[in-house]
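K.L.:
Could you have a look at this structure, given as structure tokens, before my questions?
Values quoted throughout were computed directly from the atomic coordinates according to the rules given, and no laboratory measurement underlies them. Every value quoted in this text rests on a predicted model; they were computed, and no experiment measured them. Please note: Cβ atoms are built from the backbone with ideal geometry, for glycine as well, and neighbour counts cover all protein chains shown.
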């Protein structure tokens with residue numbers, strides 16, 4: 001059943017308590033990537049243009065939860081939002097304290113208030129009901145537009161809408177779009193359906209691979225996680241990253257998906273984790289003293305060929321050490337293949353999203369997810385309590 005969106009409710013003169021994901025990267029007080037703030041603008045503008053008031057709440061980083069930590073303040077996010085909106089944005093120095101209460105009460109139609117970092121209180125990640133009730137009291141309508149935390153049951157994600165039972169509880173346009181793309185890919189993909197999985201750890205992706213093997217036509221595996229599969233095949237991997245305790249799981253997945261799993265056929269290796277190390281491309285066994293840091297050119301071609309004929313593509317995780325050239329070549333090749341495939345293409349957050357953005361392909365893919373962890377859990381087929389609790393259409 002589809003969820004009601006912010007467009008389905010009358011917001012005039014009402015206060016919308018909106019959970020957003022302003023967990024942006026900071027260098028000092030400078031935001032290095034404001035994409036998550038930009039993605040919240042459609043829902044925010046929809047409320048403001050219809051005469052509503054908006055109180056935004058978010059977390060940022062991983063503070064200890066014992067009170068304010070200046071380096072994790074949401075103030076820079078509030079300032080960037082004001083620039084993007086071209087109008088003043090108010091900022092409260094607390095969440096459920098006197099400053100937030102006073103500023104929320106004084107808020108006028110068309111105005112925005114950003115609360116300080118929710119995670120300055122341990123009560124947020126504990127899902128505390130008393131903390132949630134105080135937040136809930138600030139709003140007439142609840143809106144979840146924070147896809148990046150939809151897989152969590154933090155107070156602001158679950159206990160707040162729970163405390164607002166009887167009031168409208170809806171999704172924002174970003175969450176609506178994320179769920180539509182990811183859910184449609186799993187429930188009714190156009191075929192061939194190709195999934196590309198990379199990154200460091202097999203342990204992060206076992207449930208995803210298991211679920212995707214049931215529904216995909218091909219599952220391409222790259223990144224450091226491929227080396228655990230190599231060991232499962234009896235290959236030598238030198239000093240490459242391997243999760244030894246998961247070799248048996250990798251064997252089971254290879255047996256279950258023998259016609260579907262596509263592994264690299266060559267590896268770009270180095271004798272140290274460094275751009276200046278001695279490098280070589282090898283097929284088969286990786287020599288002692290060398291570690292795999294990227295897929296090789298033959299693998300790039302093999303993977304690109306599999307992507308070329310796809311009608312639906314889901315990509316989560318880089319093919320190598322993307323942040324250290326020349327071991328970014330595999331990820332670049334995959335990004336280009338996905339962008340040129342013409343398929344419905346969904347990029348699942350994190351490093352894959354960064355690669356697509358940096359290479360200028362964001363406009364050429366169907367959807368770039370804002371939530372790495374959330375998109376993975378959705379690809380596992382999990383339900384999100386934070387979304388289930390919201391109003392049906």
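K.L.:
Label points 7 Å out from Cα along the Cβ direction at residue 45 and residue 324: separation in nm?
P.N.:
4.2
K.L.:
Determine the calculated [θ] at 222 nm for the chain from helices alone, applying -39500 (n - 2.57) to every DSSP H run no shorter than 4 residues and normalising by the residue count; nearest 500 deg cm²/dmol.
P.N.:
Working: 15 runs with 140 residues, N = 393.
Dividing the helical sum by the residues of the chain leaves -10000 deg cm²/dmol.
K.L.:
Right, another one. Taking only the alpha carbons of the chain, what extent do you get along each of the three principal axes, in Å, biggest first?
P.N.:
Projected onto the principal axes, the Cα atoms of the chain cover 67, 42, 37 Å.
K.L.:
Count the DSSP beta bridges whose two residues both fall in the stretch 211-304, then state the antiparallel fraction as a percent rounded to the nearest 5. Walk me through the intermediate numbers first.
P.N.:
Numbers: 9 of 12 bridges.
Taking every DSSP beta bridge with both residues in the stretch 211-304, the antiparallel ones total about 75 percent.
K.L.:
Report the extension gain between residue 30 and residue 276 in nm, rounded to one decimal, defined as 0.36 nm multiplied by the number of residues separating them, less their alpha carbon distance.
P.N.:
On the way: separation 246, 0.36 × 246 = 88.56 nm, distance 3.08 nm.
Fully extending the segment from residue 30 to residue 276 adds 85.5 nm.
K.L.:
Moving on to the next point. Antiparallel DSSP bridges in the stretch 181-379: what percent, to the nearest 5?
P.N.:
Values: 9 of 27 bridges.
The antiparallel proportion sits near 35 percent.
K.L.:
Hey, with R₀ at 30 Å, roughly what FRET efficiency would residue 215 and residue 126 work out to, going by the Cβ-Cβ distance, to 0.05? Mind showing how you got there, number by number?
P.N.:
Details: r = 35 Å, r/R0 = 1.17.
Calculated transfer efficiency: 0.30.
K.L.:
For a distance above 25 Å, tell me the whole-number percent of Cα pairs in the stretch 6-174 that qualify. It would help to have the intermediate numbers written out before the result.
P.N.:
Working: 2994 of 14196 pairs.
Everything past 25 Å amounts to 21 percent.
K.L.:
If you bin every alpha carbon distance in the stretch 50-143 into 10 Å steps from zero, what whole percent lands in each bin?
P.N.:
16, 50, 30, 4
K.L.:
Now for a different question. How large is the direction-averaged shadow of the alpha-carbon convex hull of the stretch 142-249, in nm²? Don't skip to the answer; put the middle values down first.
P.N.:
Working: hull surface 36.9 nm².
Result: a mean projected hull area of 9.2 nm².
K.L.:
In Å, the Kirkwood hydrodynamic radius of the stretch 181-379 over pairs of distinct alpha carbons?
P.N.:
On the way: mean 1/r = 0.0608 Å⁻¹.
16.5 Å is the Kirkwood radius here.
K.L.:
Just for the stretch 6-174, what percent of DSSP beta bridges are antiparallel, to the closest 5?
P.N.:
Details: 3 of 20 bridges.
Among the beta bridges of the stretch 6-174, antiparallel pairing accounts for roughly 15 percent.
K.L.:
With r defined as the distance between the Cβ atoms of residue 288 and residue 252 and R0 fixed at 30 Å, what FRET efficiency is calculated, to the nearest 0.05? It would help to have the intermediate numbers written out before the result.
P.N.:
On the way: r = 28 Å, r/R0 = 0.93.
Calculated value: 0.60.
K.L.:
How many angstrom lie between the Cα centre of the stretch 279-339 and the Cα centre of the stretch 112-177?
P.N.:
Computed from Cα coordinates, the inter-centre distance equals 39 Å.
K.L.:
If you don't mind, another one. What does the highest-first list of 120-126, 331-337, 359-365, 274-280 look like by mean Cβ count within 10 Å? All intermediate terms of the calculation are to be shown ahead of the outcome.
P.N.:
Working: 120-126: 19.7, 331-337: 23.4, 359-365: 14.9, 274-280: 12.6.
Ranked from most to least packed, the peptides come out as 331-337, 120-126, 359-365, 274-280.
K.L.:
When averaged across all projection directions, what area in nm² does the alpha-carbon convex hull of the stretch 205-256 cover?
P.N.:
Working: hull surface 14.1 nm².
That works out to 3.5 nm².
K.L.:
Could you state the angle between the C-alpha long axis of helix 35-49 and the longest principal axis of the C-alpha atoms of the chain, as a value from 0 to 90 degrees rounded to the nearest 10?
P.N.:
Once rounded, the angle reads 30 degrees.
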